[in-house]
Structure formats: structure tokens, C-alpha cells
Amino acid sequence: MPEQNVPDTCILILLDGLGDRSHPQLGHRTPLQAAHTPYLDRLASLGGTGLYHATLFGQPLPSENAHFAIFGGMPEEFPGRGPLEALGAGLDLCPDDVAMLAHFAHLEPDNENRLILRHDKVSASPDEIRRLFDSLEDFECDGVTLKLHPTNGMFSVLTMGGDVAPHITDTNPMVDGRFIPKVLPLAPYADDPPTRRTARILTEYLKWAHRRLTDAPINRSRRASGDIPVNGLVTQRAGRLKPCLPMRTRYGLRGLSIASGTIYAGLARFTGMDFLKVPDTDDPGADMVKRISLARERLGDYDFIHVHTKTPDQAAHSKDPDAKVRVIESLDRGLARSLEPLLEDDSVLLAVTADHSTPSCGKLIHSGEPVPLMFIGTGVRRDTVTSFDEISVACGCLGAMRGPELLFTILNYLDRARLVGIHDSPDPVEYWPGDHEPFILDPKPQE
């Protein structure tokens, strides 16, 4: 009987924000249920299916937390969105630096001088954006230096260097019409001097930025022409780099991420993966064809390849379920055009899932429902599921996975899973066989 080949490379297709809620206008189905997806359904019939959540059912996650778990990171190693965004933008952070997201917005004080977020998202030309950033040079207070680093349009990373700490509240309420939150230490750090100093100095910086932007020539011009002024910064998700074992060290996998966003470049850099930036176009299916082609070209160089698209998430943020249906159908066509050679390659383990659910209705940015998951490859158990959607896969043989169980399952299907209790390496690794020094005999005595 011929020996069965075992896959040696996993290609993970990550359809960002694919999960959703049911919608009356779709017949009380999710966009994935309502979409015409013959290829995804065919894939489901060829392997094992189930549900996945990167933490706990019902807990909404941003992409960075979910992806960190998917890449096998431990919760205590997560550094926060700010440092990851900084790494993705090519910034070199010092170990003690604090980094947070920041972006320009339209703020307005009420009659008690309390700042209100009037418009979280404001449009401006590239020249106007450049002038806004030029209005805010580096800021220093009590030995702490604050620098604003542009990343994408109105968005940036704000870094703080000195005797500072990341345990502070956000100043972005994320909902127009709400008060800007006061910068405060998080409750467990209420009496921590560096945290209190950070909150105080960030408060002074944001007040200073509001004054500078309000009086900036760019905003005088915008007010004169009837445009909304861009007169403040809002911040969120402060963090600091932490020690984190690279994917190659912990899991024995050489990893590559193929994506378009800065955050995925940062995640790759932090977890020891290579990154290949591929820009988005207005054709999600064609973008997927390009990324799958790039993954195929690199099969011999990597053991784990993450192929990412943000488009289902972006469509859901428009709060239009039909728009998300159209994106999903475009991706299905793109997968049909590009995946067949990988299905015919028994050295490839194919996985398809999402990082989180993004509801196409309601107030939530992301929601806490689990997302669909499937594996296709030699040795993968096949169940009876023939449709790839949030409801059908709940009957699949993979059950409900959480957190790093996804990466452990990949190791299992690649025949690299470590038997509990085996110690062929002194390092705390999760793959087998581990890297170890050879046992050397003493030289033979000379006669």
C-alpha cells in the first residue's frame, strides 16, 4: 500500500470580517448565507469544517488581537495596537516607548468647554493633510517627548518617549456627538507615577494640538470656504512592545503574510514572519487571484502563508448587507480562478476562515459571533457539510476552536505536533522534532 503524503505547507486564506449577523432584508440570513458561493461550498465538501473564535464567544475583537491569536501568540505577549501599527509603518521603537493610534477629527467645545467629537472622519486633500501634520511639530514636557508619525491619510501613530507607561484611557469615543473622554490611568494603575505622568502630559499635548490646529491657516481656509475644520487629535489603543517568541522559534514554521494593511506588516514583524505588501484595487476577486498566485510562487520558501483580504470587513462597515454579499461573491469567483492548482498539490494544507465577525447593521464595529472555518488537505477528516457559512459549518467535525488551537491544528495536520511530555529541546517549543544539539561520543583513545 503506497504511503500517504503529508502536507508540509499551510496556506491560510483569511477573509477579514467575514462573519456576520442575520438580516431581514436577506431573508434572516447572513451575507455569507445569502451570497452565491459555489466554490467555497465545494471546498467545504472536500474537508472538515467548524467554527472559530480567537478568544471567547460573544467577545468582539479587533483584527490585531484576533490575528495575533491566529498566529499563535499568547495573550500576555500582546503589545497593543499602537506598537504594532508603529512597526508596520517602519518605526523603530525603543523598549520603553509608548505608542498609540491617533487621527485628526473635528472637535467642538460646548458651553462648559467640554470637547465633543463632532466628526470622527473628515475628508481632506493630500495637500491639506500634509499641512495639518506640518502644524504639529514634536512636543516636549517634563522630559517626555511626543512625536506624530503619519501612516495613512489622516491617521498616524503618536509615540511618547521618556518615563511613561501605556496604561491610559482612549480619547476617541468612536461615536459622533459624544464627549471626548478625559485621559485617565486605567484603574489598576491609578496610583502608578509613570502612568499618572503619561496621562497628564498627553492631556497637555492634546490641548496644545487643538489650539495649534484651530489657529492653523489650513483651518482658517476651510472655515472660510464652508468646510468642516480639522481641529483636533483623538487617540486610542496605547501600548508598549513586549517579549514575544517568533513563530519559527515557538512553532517551527517559517511564516509569510501577504496583505495590504500596515497593521498586518506590524503583526508580521512582531511575530517573526516575512511580509509581502500587495495593494488593494476595486476588484476583490482579482486581488485574491494575485495573492494566491504570489503564495504559490513561494511554496518552497515558507511553511505557513497567510493570504489576507480586508474587503468583507470594509463592506460590512458600510452597514449595507447587500454590499457585503457582492464582495463575498467576488472573492468566491477569485478563489475559483486561482485555487485549483493548490487543491491538486498534496503538499499543501488549505485553511479558510476569518478573524472576527463584522455586523452589517447596528451600532457595533465588530461583534462576538464565531466565524466559519474549514481545512482541506491529505489526512483531514471529511464531514458531511456542503455549504460554507456560519450555520452549516456548526455541524462540522472540527467543532468550535478558540485562540491558538487553530495554529496547533495546523501543526497537527502538518505532522509537526509535539507529543505532550516530549523534551528533545531545552526550549519551550510546540513543534516536533525540535532543534537540538547532537549527542557526541568521547573520542576513541589512541592505541
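In order along the stretch 137-147, the phi-based Karplus estimate (6.51 cos²θ - 1.76 cosθ + 1.60, θ = phi - 60°) of 3J(HN,Hα) comes to 6, 4, 10, 10, 8, 6, x, 9, 10, 10, 10 Hz; Gly and Pro are listed as x. Taking a straight Cα-Cα cut-off under 27 Å and skipping sequence neighbours fewer than 8 places away in the same chain, the lysines within cross-link reach of Lys290 are Lys277, Lys310, Lys324. Exposure check, 1.4 Å probe, all protein chains in place: Lys207 carries approximately 110 Å² of accessible surface.
Distance from the C-alpha centroid of the stretch 341-373 to that of the stretch 165-183: 30 Å, rounded to the whole angstrom. Derived from the Cα gyration tensor, the three semi-axes of the equivalent ellipsoid of the stretch 311-380 are 29, 15, 6 Å, largest first.
Under the combined filter of DSSP loop state and at most 11 neighbouring Cβ atoms within 10 Å, the stretch 1-70 retains these chymotrypsin sites (Phe, Trp or Tyr not before Pro): Phe57. Spatial offset of the stretch 1-51 relative to the stretch 374-418 amounts to 11 Å, using the alpha carbon center of each.
Calculated [222 nm] ellipticity per residue, helices only, for the chain: -9000 deg cm²/dmol; basis is -39500 (n - 2.57) per DSSP H run with n ≥ 4, divided by all residues, nearest 500. Count Lys and Arg as plus one, Asp and Glu as minus one, and take only other residues whose Cβ is under 11 Å from that of Gly162; the net charge is then -4. Restricting the calculation to Cα atoms, the chain yields a radius of gyration followed by a Dmax of 24.4, 100 Å.
Let me check I've understood the local charge: for Ala35, count other residues with C-beta under 13 angstrom from its C-beta, Lys and Arg +1, Asp and Glu -1. What total comes out? Don't skip to the answer; put the middle values down first.
Details: positive: Arg29, Lys324, Arg326, Arg333; negative: Asp20, Asp41, Asp322, Glu329, Asp332, Asp389, Glu390.
In short, -3.
Based on C-alpha pairs under 8 angstrom that are at least 6 apart in sequence, the chain has a relative contact order of 32 percent. Positive contributions from Lys and Arg (+1) and negative ones from Asp and Glu (-1), summed over other residues with Cβ under 12 Å from the Cβ of Ser22, come out at -2. Per the Debye formula on identical point scatterers at the alpha carbon atoms of the stretch 1-139, with no solvent, log10 I(q)/I(0) at q = 0.16 Å⁻¹ is -1.20.
Go through Lys121/Lys207; Lys121/Lys363; Lys242/Lys363 and tell me which ones have a Cα-Cα distance over 25 Å in this structure.
Among Lys121/Lys207; Lys121/Lys363; Lys242/Lys363, the Cα-Cα distance tops 25 Å for Lys242/Lys363.
For the stretch 264-274, putting each phi into the Karplus relation 6.51 cos²θ - 1.76 cosθ + 1.60 with θ = phi - 60° gives couplings of 6, 5, x, 4, 4, 4, 5, 9, x, 9, 7 Hz, in residue order, rounded to whole numbers and with x for Gly and Pro. The alpha carbon centroids of the stretch 53-75 and the stretch 214-265 are separated by 19 Å. Rounded to the nearest angstrom and listed largest first, the equivalent-ellipsoid semi-axes of the stretch 328-447 from its Cα gyration tensor are 41, 19, 13.
Each listed q (0.09, 0.15, 0.20, 0.23 Å⁻¹) maps to a log10 I(q)/I(0) for the stretch 67-186, found by the Debye formula over equal Cα scatterers with no solvent: -0.30, -0.83, -1.33, -1.46.
The values are calculated or read from the model by the stated rules, or taken from the named source; none is laboratory data. Since the structure is predicted, the reported quantities are computational estimates derived from the model, not experimental observations. Every residue, glycine as well, gets a Cβ built from its backbone with ideal geometry; the counts of neighbours run over all protein chains shown. Only protein heavy atoms, including side chains, enter the accessible area calculation; ligands, DNA and RNA are left aside. Shrake-Rupley method; radii C 1.70, N 1.55, O 1.52, S 1.80 Å.
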